[in-house]
1. What is the sum of charges, Lys and Arg at +1 and Asp and Glu at -1, for the other residues whose Cβ falls under 12 Å from the Cβ of Phe26?
2. Just to confirm a number: summing +1 for Lys and Arg and -1 for Asp and Glu over residues other than Thr128 whose beta-carbon lies under 12 angstrom from that of Thr128, what do you get?
3. For region 265-280, in order, what is each residue's ³J(HN,Hα) by Karplus, 6.51 cos²θ - 1.76 cosθ + 1.60 with θ = phi - 60°, in whole Hz (x at glycine and Pro)?
4. Can you give me the pair-distance distribution of region 2-116, C-alpha pairs, 5 Å bins, whole percents?
5. Which net charge results when you count Lys and Arg as +1 and Asp and Glu as -1 among the other residues whose beta-carbon is under 14 Å from that of Ala179?
6. Hey, how much of the P(r) for the chain falls beyond 31 Å, as a percent of Cα pairs?
7. With +1 on each Lys and Arg Cβ and -1 on each Asp and Glu Cβ, how big is the dipole of the chain about its Cα centre, in debye rounded to the nearest 20?
8. By count of other Cβ within 10 Å, fewest leading, how are Tyr162, Tyr21 ordered?
Amino acid sequence: MKGIDHLVLCGRDQAAMRDNYASLGFTLTPEARHPFGTGNSLIQLEGCFLELLSVFEPEKIIPAGAGQFSFGAFNRDFLARGEGMSMLVLDSTDARADVAAFRARGLTTYEPFDFQRKAKLPDGREVTVGFSLAFATDPALPGLAFFTCQQHAPEHFWKPHYQRHANRALTILDVSLVADQPQDHAAFLSAFTGFAPETIPGGITFRTARGNISCISAERFAENFGREPDRSKGPHFAGFTVGVRRIARLEEAINAPHYALRKEGAHRAVLSLDVNGSALAFFALNRQDDEDER
């Protein structure tokens with residue numbers, strides 16, 4: 001059973017993105033570069049992460065060929081239209097098997113994409129991490145992409161040092177895809193995730209093994225996040241929710257007055273402004289451990 005692996009959050013200025021997320025109490029990995037023109041910083045959580053992605057070397061971007069998906073070209077074109085969440089990623093143990101499964105379910109698929117990059121460990125050592133990606137797209141969701149990610153060296157990727165955050169962030173709880181008719185996207189999302197949709201107020205949700213993928217109306221999104229989504233974008237990933245230990249400790253960790261929190265009871269809070277094109281909410285899981293004593 002698959003769960004959310006990571007969210008690709010695109011921004012034009014990597015340094016500004018790093019500053020924005022650091023000011024919200026997140027710990028970031030060192031900046032890394034891909035061999036195909038993009039680069040990133042990561043926010044590691046429990047078995048999932050946020051990928052802050054930018055284009056660094058556009059001349060290295062490989063155009064998409066027949067039956068091939070170009071990660072660099074897709075995100076370059078996404079940034080030409082604006083910032084925000086461009087791609088949703090599920091975890092995988094076999095990217096090639098995922099391609100076959102997606103194809104059998106009638107999805108538009110591409111050849112698996114394998115690549116490696118250097119990663120810096122907390123002690124300064126450099127190691128190589130490798131990935132295989134299985135992409136799927138839907139003509140009814142133009143400008144968005146979906147894939148699964150198989151890691152080949154997870155022992156070099158996940159590090160406790162990078163998973164400790166001042167805001168006590170733990171995991172991705174929910175991703176919000178805004179659409180005029182949420183039910184229109186049920187078949188694709190079900191085929192991609194392998195889960196059946198459940199009806200929720202204002203739309204549908206898919207309860208994966210790690211986090212929910214919700215497709216909701218603009219009205220429901222406005223109720224959840226306190227602002228109207230940009231309807232001119234058509235269907236788009238407009239926001240996401242991060243689970244934290246406690247809202248009170250989260251408030252202490254934020255060092256950015258322009259990102260003031262609006263608390264909704266003892267369990268939920270949303271930011272007053274979008275973060276590089278994405279609305280961001282926090283939900284308290286009320287988990288208590290040694291971190292709360294520090």
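Every number here is computed from the coordinates shown, using simple stated rules; none is lab data. Computed from a predicted model, the values in this text were never measured in an experiment. Neighbour counts are summed over all protein chains in view; Cβ atoms, including those assigned to glycine, are modelled from backbone coordinates with ideal geometry.
1. Values: positive: Arg18, Arg164, Arg168; negative: Asp19.
So the surrounding residues net to +2.
2. Working: positive: Arg117, Lys118, Lys120, Arg125; negative: Glu126, Glu155.
Once positives and negatives cancel, what remains is +2.
3. Calculated HN-Hα couplings, in order: x, 8, 10, 10, 8, 10, 7, 6, 10, 5, 9, 6, x, 10, 6, 9 Hz.
4. Once binned at 5 Å, the Cα pair distances of region 2-116 give 2, 11, 18, 23, 21, 15, 7, 3, 1.
5. For residues surrounding Ala179, the net value is -2.
6. Percentage above 31 Å: 24.
7. Result for the chain is approximately 120 debye, rounded to the nearest 20.
8. So the ranking, lowest neighbour count to highest, is Tyr162, Tyr21.
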